[in-house]
Amino acid sequence: MDHGHEVGANGAAMAAVRNISHIATLPEVTVRIIDLVEDPSSSARDLHELIASDPALTARMLKVVNSAFYGLPRQIASINRAVSLLGLNAVKNIAVAASLAKLFRGGAVGPNFDAHDLWTHSCATAAAARTVAALAGRKGAADEAFLAGLVHDVGVLVELQHDRARFAAAVDQAAVTGDLRTAERTALGDTHEGFGSALCEHWKFPSSLVWVAGHHHEPMAVPGANRDLPLIVHVADHVAGEIAGGFTLDLRSDGPDPAVLDALRLGQTALEEIRETVREVMASDDEMMAAA
């Protein structure tokens, strides 16, 4: 699957992804789950057998399903039950989410970045994105929005793994100037959006997630047919940063782009509901938060 022409991942970003085997390789079972769900002939039984073959993944998935971040009203005790309640595609997204936490382990890089802060922000964005999708009338996209929120800043991990010293220089400069993306281009040759879209391509993620990773700061630049998920994550990203803190060096100081709010038909009442979602999950002391 080649989305390079769509999202503009440049040669520097693609080369960086190829050079960092630690993060560039998804767990084999996750790749098989993605392949299985994309296969129209596969069944819920096939998916359950595959997940059940990996008890550690099963346990992590049930933690995600039952986390405050996922927002279900009752506990789910089995993957079978999760599939019957949520559907195949939702469980695929949960499987990918459950495999990601261990990638967010890079420790602190100077005074202005800690990988755990990025995980905190990503979890909060995932929770917010589900709510944004529902309030914007895109309920069918809620599960994909959750995963999209979780992976939107994954390009930061590429930068961190690719060249820790240059990444440290970029975040230190951004802490002074308030402009992370210019600092990234100067130090690393691309932004975390470019690196993120390259990684999602490498992972063979659906094109919707490639667009999110590559354009969550400028979603209005995405072609209309691909725009919904980047719009949703743009709003979730800013609300999560406002309420939950964590990694926020890349965010506008004045909140989400008003044009994005208009495109999703979200007003101040909706924004407050999204803020309340993030407040609730941050107060929950959830296991998912401690995963990284």
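Please find, in a Gaussian network model of the chain (springs between Cα atoms separated by less than 10 Å), the residue of GLY149, GLY110, GLY241 whose mean-square fluctuation is greatest. Its mean-square fluctuation being the largest, the pick is GLY110.
A cut-off under 12 angstrom between Cβ atoms defines the neighbours of ILE51, and their net charge, with Lys, Arg +1 and Asp, Glu -1, is +1.
Lysine pair count for the chain (Cα-Cα distance under 19 Å; residues 8 or more apart in sequence or on different chains): 5. Structural size metrics of the chain, computed from C-alpha coordinates, are Rg and Dmax of 17.8, 53 Å.
Each Cα pair under 8 Å and six or more residues apart adds its sequence gap; the mean of these over the residue count of region 201-292 is a relative contact order of 23 percent. Calculated FRET efficiency, GLU49 to SER284, Cβ-Cβ distance, R0 = 25 Å: about 0.20 to the nearest 0.05.
Here's the picture: charge each Lys and Arg Cβ at +1 and each Asp and Glu Cβ at -1 in the chain, and of ALA52, HIS234, GLY137 the one pushed furthest to the positive end of that dipole is ALA52. Report the calculated FRET efficiency for LYS139 and ALA15 (r = Cβ-Cβ distance, R0 = 35 Å), to the nearest 0.05. Computed FRET efficiency for LYS139 and ALA15: 0.35. Think of each Lys and Arg Cβ as +1 and each Asp and Glu Cβ as -1; about the Cα centre, that makes the dipole of the chain roughly 560 debye. For the residue pair ALA225 and ALA175, what label-to-label distance in nm results when each label sits 7 Å from Cα along the Cα-to-beta-carbon direction? Going from the ALA225 label point to the ALA175 one covers 4.5 nm.
Note on LEU88 and ASP254: with the Förster distance fixed at 35 Å, the Cβ-Cβ geometry gives a FRET efficiency of about 0.30. In the chain, helical runs assigned H by DSSP with n ≥ 4 each contribute -39500 (n - 2.57); averaged across all residues and rounded to the nearest 500, the mean residue ellipticity at 222 nm is -19500 deg cm²/dmol. Taking the charge dipole of region 185-290 about its Cα centre, with +1 at Lys and Arg Cβ atoms and -1 at Asp and Glu Cβ atoms, the residue from LEU251, PRO223, LEU271 reaching farthest to the positive side is PRO223. Take every pair of alpha-carbon atoms less than 8 Å apart whose residues are at least six positions apart; their mean separation over the length of the chain yields a relative contact order of 24 percent.
Rule-based calculations on the coordinates, nothing more; no lab input. Not measured: the values here are computed from a predicted model. Neighbour counts are summed over all protein chains in view; Cβ atoms, including those assigned to glycine, are modelled from backbone coordinates with ideal geometry.
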